[in-house]
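Heads up, the thing below is written out as structure tokens.
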Amino acid sequence: MLSCKEVAQRASAMIDGELGAWDTLQMRMHLAMCKGCERFIGQVRVTRDLTKAAGEAEDLHDVDDLRISAILSQLHDGKQQGG
Amino acid sequence: MRGETGQGMGDEAELVRKLAAGDRAAFEAVYRKHNAAMVRFATGIVKSRATAEEVTQDAWVSVLKSIGGFEGRSSLAGWMFTIVLNKARTRAGRDGRAVSFDGAGEDDNLAAAFDGRGRWKDMPELWEEITAERIIAGRSVLQHVNAAIETLPPAQRSVLVLRGQQGLDAAEVCAMLGITEGNMRVLLHRARLAVRGALDALA
Ligand SMILES: [Zn+2]
């Protein structure tokens, strides 16, 4: 029987589908009986999903327009200098 | 708008062609998708956010200058982040900073959560309030997530940005950072636990 601590250590591997059959079975047995670990696995899953969403949600700010122009202008300078 | 930011192989080849042709809209889309993550990644390597922004800006110029040489042996994102990594590493070296991604000395934040028999001391919360749309303490939950990532030590931060946000292949991430796949999984897990801790504090 896995302890809660051992379940927590395997949480990412479980939600990423990287556990072998034996470990998966052990996890399921524990989770069927342990509300704390069930909640914890849920938290790690939410964390994974929000992390991904946070990487996709970033808006372009005004300052980025300036930066994009600066990058493109350096590029043209480089070409004119034959670089 | 399908494929504007390069999902899938065919779309990526088309995107590379547009970037090489100097298409500003294509560049803006790529910049929008990756720039913040690049800065977040570079900030873990160089000494300040301002330096990371400089390094990233410099990397974008290199990306566009050398896009003609991109052969598709890695993903476009992997190739671009490698350029950021190289620039950041060079800059860190010049500033006398050592860069390593083995995660030595980086631990997880759950050590005190269990009793002597490995059981929860306190029952984990049900996170009913933690959703992407929520605003807590003046910031969206997603902004809290990115703020938490910016406090992570370099190895965890790099893995979480590259693997957990940019979705690069495990093998690509390991090759870039010079770590094993087992090491990468441990770092990814620790990084998630740290972000989980930040979210739990909002719950
Ligand atoms: Zn348990």
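Solvent-accessible area of B:ILE67, all protein chains in place: 10 Å² (probe radius 1.4 Å, heavy atoms, ligands and nucleic acids excluded).
With an a/c value of 1.5 or above and a/b larger than b/c for the gyration tensor axes a ≥ b ≥ c computed over the alpha-carbon atoms, the protein assembly as shown is described as prolate. With all protein chains in place and ligands, DNA and RNA left out, the 1.4 Å accessible area ranks B:MET123, B:MET176, B:MET80 as B:MET123, B:MET176, B:MET80, largest first. Taken as Cα centroids, region B:21-100 and region B:104-126 sit 36 Å apart, rounded to the nearest whole angstrom. Ignoring lysines fewer than eight residues from B:LYS121 along the same chain, the ones with Cα atoms less than 27 angstrom from its Cα are A:LYS5, A:LYS35.
For region B:33-38, the Karplus equation 6.51 cos²θ - 1.76 cosθ + 1.60, evaluated at θ = phi - 60°, returns couplings of 6, 10, 4, 4, 5, 5 Hz by residue, with Gly and Pro reported as x. In this assembly, the A-B interface accounts for approximately 3900 Å² of buried accessible surface in total, computed with a 1.4 Å probe and without ligands, DNA or RNA.
Counting only alpha carbon atoms, the long axis of helix B:9-20 and the longest principal axis of chain B meet at about 60°.
Can you bin region B:111-202 into rounded, prolate or oblate? Criterion: square roots of the alpha carbon gyration tensor eigenvalues sorted a ≥ b ≥ c, rounded for a/c under 1.5, prolate for a/b above b/c, oblate for the rest. Cα axes put region B:111-202 in the oblate bin.
The phi-based Karplus calculation (6.51 cos²θ - 1.76 cosθ + 1.60; θ = phi - 60°) puts the 3J(HN,Hα) values of region B:58-66 at 5, 5, 4, 4, 4, 4, 5, 5, 10 Hz, whole numbers, x for Gly and Pro. Under the convention that each Lys and Arg Cβ holds +1 and each Asp and Glu Cβ holds -1, the size of the dipole of region B:6-94 around its Cα centre is about 420 debye.
The listed residues B:SER66, B:SER158 rank as B:SER66, B:SER158 when sorted by accessible area, largest first, using a 1.4 Å probe. Which of rounded, prolate or oblate describes chain B when judged by the alpha-carbon gyration tensor and an a/c cut-off of 1.5? Prolate, since a/c reaches 1.5 and a/b exceeds b/c.
The values are calculated or read from the model by the stated rules, or taken from the named source; none is laboratory data. Just so you know, these numbers come straight off a predicted model, no measurement behind them. Because the Cβ atoms are built from the backbone with ideal geometry, glycine has one as well, and the counts that use them run over all protein chains shown. Calculation scope for accessible area: heavy atoms of the full protein, side chains included, ligands and nucleic acids excluded. Shrake-Rupley method; radii C 1.70, N 1.55, O 1.52, S 1.80 Å.
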